[in-house]
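Enquirer: I am attaching a structure below and will ask some questions about it afterwards.
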Amino acid sequence: MSSTDGNRNNNNNNNEVYSYLQQQLQLQPPLFRTVPFHDNNNSIMIDTETTRLQQETEQECAPFFVELSSLPLGQREHLVQVGLLPANDALVTSTISVSDGDGDDMASKVQLLRDKHRQYLQQVWKKPLKAPFVSLDSSRPWILYWCLHGFDLLQETTTNGRDTPKIMNIVSNREGCNMVATLKDCWQSYYTTDPPSLLLEGNEDNREYKDPFYFARHEDDVPAADTDDPNSRQKQKQPSYQYYCGGFGGGPGQLAHAATTYAAVLALCILATDDPNDASKIEQDTSSDDDDDDDDASGEWTTIHYSTLARELLQYVRIPLYRWMVSLQQSLTGGYRMHHDGEVDVRATYTIITCAKLLGLLLPESSSSRPVLNRPQVIDFVVSCQTYEGGMGGEPFSEAHGGYTFCGVAALKIMGALGPGKFGGAHKQLDTAALLGWLARRQMAHEGGFSGRSNKLVDGCYSFWQGAALAIASSCGQWEEESVTYDKDGDPWLQRYNLSCHDNKDYELPFPLFFDVGMLERYILLCAQEISGGLRDKPSKPRDFYHTCYNLSGLSVAQHCSNRKEDTSYGDDQQTRLLPTHPCYNIRIDRVAAILDAIWTTP
């Protein structure tokens, strides 16, 4: 069978699975399912620890799914008091039962506790964290990213309700400068005179080091001393410099790591794309800073805007960061290590590919120079992580997991290798039908949120990991015929943003989103919100910055990656509406557009 026939059959299979999934969505239980997982009418064959935990979780969530319209006035007033229902609403404050037995009339009035969530997140840069946070000392870039991004999504839209607002500053200049200084302190550098062998090009008799980024001069490169080492390569041109390399660690003096580098770069991209000319943010020093002036970025906040400092730091680390990322790649398998001598898994591939793309370091296949970070072996490694279930594990032959699946799918999308007809060096191709099926099955029928693995419990953070993976995977399937304004091999979310900015009108994405949007929004708004601010895994768990960030990110994906004309939403559609995040990068889409348009200087 020819490759053309194989691609045609694969396309047909994808179209069939899309039709099947659409039918399954229509057959899903109603929004308020009354039958629990484990009762006399829905018995299970074998009672195990897993089924008992699932039953307990459903019972834990069940009180949050009560029909709000049927509640007594006193309980409705309590929900108004904590902010979950709007004040001064005639339906909410009615002294008689407002339920007509045909759905919940108040479901469309549930609120997002925006101000409380903002107050919870901004404590990271408003006042010192308390003693227990010492356990997260190696996660400083992560804490900044989680809180900055969550706070960023909570900004109000412009008065006309558009999804493409002008970028506004989210912190004061003093706070922003201190954040840049904190991330700068996490930078860890070193020198090398031995570039990785995968940069060698040419035949065996005349191999030569070539790469447009690795061998670009950096201000901190130093000439290498001449050597008479008889063991040095005779048939290869020797590097003449000590090359400055580095990555971001979790804190000052800590090992450079792919995960904390990803968090640091995303946080810097958020700060770098704020407007230095925006005067809407009035400088106000918090009382907690009055006796701690030594922590202010050497007084820079009084003269230089933090967005300028963030862009300068990104420009400074760009080339040494590329060199460090290349050194993490395994030449034979194409996999990346999380750090030197660390584990090889798909998280490293995603974090490195994301940073490289945002900083203009990812060469396309059409480039005159040979791509390194995204060479075919890298694509093959990611595809080989797909399991028999359809999801993806951290490495080949491991269990499918929501976080790893997101990393693999997003990395392939960024590299332009997701979808029918996309191959790596060994002609491996992702089974997108199996992938979509596994992802769709992770949405819990009763709770509405996602679980991370088969037979696991719902968790609010998977609102993003699974929800965004589904949004990305959905883009590689059947598109509407009339969607001629989109390039199917490109970035549909960024294309929609650019079209909306250019034409001053809203566009729908040309493909469906294969999960129940209303069910997910219901779980986030009712089960994941902590009434004092912040979001959580499930009602029995405490709030934290991580779950706040990814619950909000998942809510943004549900709102902006679905078809709002056809999908049933939950809550007050205007009040709960967040700014759009990009499902691949997970920073605001206008910031992705701005950073990808940045002009980087390469000596």
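Enquirer: Assuming Leu328 fulfils every condition listed in (1) modelled with pLDDT of 95 or more; (2) farther than 28 Å from Asp597 by Cβ apart from one, which condition is it?
Expert: Failing condition for Leu328: (2).
Enquirer: Is it the case that Ser327 is of a type in the set (Ser, Thr, Tyr) and in a loop (DSSP other than H, G, I, E, B)?
Expert: Numbers: of a type in the set (Ser, Thr, Tyr): yes; in a loop (DSSP other than H, G, I, E, B): no.
No; evaluated as a whole, the condition is false for this residue.
Enquirer: Still on this model: Considering every residue within the stretch 170-180, establish whether at least one is open to solvent by 40 Å² or more (accessible area, probe 1.4 Å) and either at pLDDT below 90 or more than 24 Å from Ile319 (Cβ to Cβ) (or both). Give the derivation first.
Expert: Going residue by residue through the stretch 170-180, those that are open to solvent by 40 Å² or more (accessible area, probe 1.4 Å) are none.
No, because not a single residue in the stretch 170-180 is open to solvent by 40 Å² or more (accessible area, probe 1.4 Å) and either at pLDDT below 90 or more than 24 Å from Ile319 (Cβ to Cβ) (or both).
Enquirer: Another question, then. Working only within the stretch 376-399, note down all residues that are of a type outside the set (Val, Ile, Thr) and open to solvent by 20 Å² or more (accessible area, probe 1.4 Å). Reasoning before the result, please.
Expert: First, pick out the residues of the stretch 376-399 that are of a type outside the set (Val, Ile, Thr): 376-377, 380-381, 384-386, 388-399.
Scanning the stretch 376-399 gives Pro376, Gln377, Ser384, Gln386, Tyr388, Glu389, Glu395, Pro396, Phe397, Ser398, Glu399.
Enquirer: Collect the residues in the stretch 535-558 that are buried (at least 24 other Cβ atoms within 10 Å of the Cβ) and in a strand (DSSP E or B), keeping them in residue-number order.
Expert: The one that is buried (at least 24 other Cβ atoms within 10 Å of the Cβ) and in a strand (DSSP E or B): Leu535.
Enquirer: At pLDDT below 95, surrounded by fewer than 17 Cβ atoms within 10 Å (Cβ to Cβ) and over 24 Å from Tyr209 (Cβ atoms): does that describe Ser367?
Expert: On the way: at pLDDT below 95: yes; surrounded by fewer than 17 Cβ atoms within 10 Å (Cβ to Cβ): yes; over 24 Å from Tyr209 (Cβ atoms): no.
For Ser367, the condition - at pLDDT below 95, surrounded by fewer than 17 Cβ atoms within 10 Å (Cβ to Cβ) and over 24 Å from Tyr209 (Cβ atoms) - is not met.
Enquirer: Looking at the stretch 269-283, I want the residues that are hydroxyl-bearing (Ser, Thr, Tyr) and have a partner that is at pLDDT 80 or above and assigned to a helix (DSSP H, G or I) with Cβ atoms under 8 Å, at least 6 apart or on another chain. Which pairs are those?
Expert: Close Cβ pairs (under 8 Å, with a partner that is at pLDDT 80 or above and assigned to a helix (DSSP H, G or I)) amount to Thr273/Ser307; Thr273/Asp590; Thr273/Arg591; Thr273/Ala594; Thr273/Ile595.
Enquirer: Here is a follow-up. Would you mind telling me which numbered condition in (1) in contact with a Lys or Arg (Cβ under 6 Å, 6 or more places away or on another chain); (2) open to solvent by 10 Å² or more (accessible area, probe 1.4 Å); (3) under 20 Å from Asn586 (Cβ atoms) His446 fails?
Expert: Of everything listed in (1) in contact with a Lys or Arg (Cβ under 6 Å, 6 or more places away or on another chain); (2) open to solvent by 10 Å² or more (accessible area, probe 1.4 Å); (3) under 20 Å from Asn586 (Cβ atoms), His446 misses just condition (3).
Enquirer: Now for a separate question. Has the stretch 271-289 got any residue that is modelled with pLDDT of 95 or more and hydrophobic (A, V, I, L, M, F, W, C)?
Expert: yes
Enquirer: Answer with yes or no whether Tyr214 is modelled with pLDDT under 95, of a type outside the set (A, V, I, L, M), open to solvent by less than 60 Å² (accessible area, probe 1.4 Å) and out of contact with any Ser or Thr (no Cβ under 6 Å at 6 or more places or on another chain).
Expert: Numbers: modelled with pLDDT under 95: yes; of a type outside the set (A, V, I, L, M): yes; open to solvent by less than 60 Å² (accessible area, probe 1.4 Å): yes; out of contact with any Ser or Thr (no Cβ under 6 Å at 6 or more places or on another chain): yes.
Judged against the criteria, Tyr214 is a match.
Enquirer: Of Ser569, Ser532, Ser562, which residue is open to solvent by 10 Å² or more (accessible area, probe 1.4 Å) and either hydrophobic (A, V, I, L, M, F, W, C) or modelled with pLDDT under 95 (or both)? Steps first, answer last, please.
Expert: Details: Ser532 fails: either hydrophobic (A, V, I, L, M, F, W, C) or modelled with pLDDT under 95 (or both); Ser562 fails: open to solvent by 10 Å² or more (accessible area, probe 1.4 Å).
Ser569 is the lone residue from the list that is open to solvent by 10 Å² or more (accessible area, probe 1.4 Å) and either hydrophobic (A, V, I, L, M, F, W, C) or modelled with pLDDT under 95 (or both).
Enquirer: Looking at Arg591, Arg522, which one is more than 27 Å from Lys413 (Cβ to Cβ), of a type in the set (Lys, Arg), in a helix (DSSP H, G or I) and in contact (Cβ under 8 Å) with a residue 40 or more places away in the chain? Let's see the steps before the verdict.
Expert: Values: Arg591 fails: more than 27 Å from Lys413 (Cβ to Cβ).
None of the other options fit; the residue is Arg522.
Enquirer: Hand me the list of helices (runs of 4 or more DSSP H) wholly inside the stretch 50-153 holding 2 or more residues that are open to solvent by 60 Å² or more (accessible area, probe 1.4 Å).
Expert: Numbers: elements: 73-82, 114-126, 140-153.
In the stretch 50-153, 73-82, 114-126 are the helices (runs of 4 or more DSSP H) which contain 2 or more residues that are open to solvent by 60 Å² or more (accessible area, probe 1.4 Å).
Enquirer: Here's a check for you: in the stretch 262-277, which residue that is more than 14 Å from the chain's Cα centre (by Cα) and farther than 14 Å from Arg591 by Cβ is surrounded by the fewest Cβ atoms within 10 Å (Cβ to Cβ)? Let's see the steps before the verdict.
Expert: Kept after step one, since they are more than 14 Å from the chain's Cα centre (by Cα), are these residues of the stretch 262-277: 268, 271-277.
With farther than 14 Å from Arg591 by Cβ added as a condition, the list becomes 276-277.
On the way: Pro276: 13, Asn277: 7.
Within the stretch 262-277, the match that is surrounded by the fewest Cβ atoms within 10 Å (Cβ to Cβ) is Asn277.
Enquirer: What tally of residues in the stretch 337-385 results from selecting those that are of a type outside the set (A, V, I, L, M, F, W, C), in contact with a His (Cβ under 9 Å, 6 or more places away or on another chain) and assigned to a loop (DSSP other than H, G, I, E, B)?
Expert: Residues meeting the conditions: 2.
Enquirer: Looking only at the stretch 400-409, count how many residues are out of contact with any Lys or Arg (no Cβ under 8 Å at 6 or more places or on another chain) and open to solvent by 40 Å² or more (accessible area, probe 1.4 Å). Working first, answer last.
Expert: So the first thing to find is which residues in the stretch 400-409 are out of contact with any Lys or Arg (no Cβ under 8 Å at 6 or more places or on another chain), and the list is 405-406, 408-409.
Pick out the ones that are also open to solvent by 40 Å² or more (accessible area, probe 1.4 Å) and you get none.
So the answer is 0.
The values are calculated or read from the model by the stated rules, or taken from the named source; none is laboratory data. Owing to the predicted nature of the structure, the values given are computational and were not obtained by experimental measurement. Counting neighbours? That spans all protein chains shown, and the Cβs are built from the backbone with ideal geometry, glycine included. Accessible surface areas use protein heavy atoms only, side chains included; no ligands, DNA or RNA. Shrake-Rupley method; radii C 1.70, N 1.55, O 1.52, S 1.80 Å.
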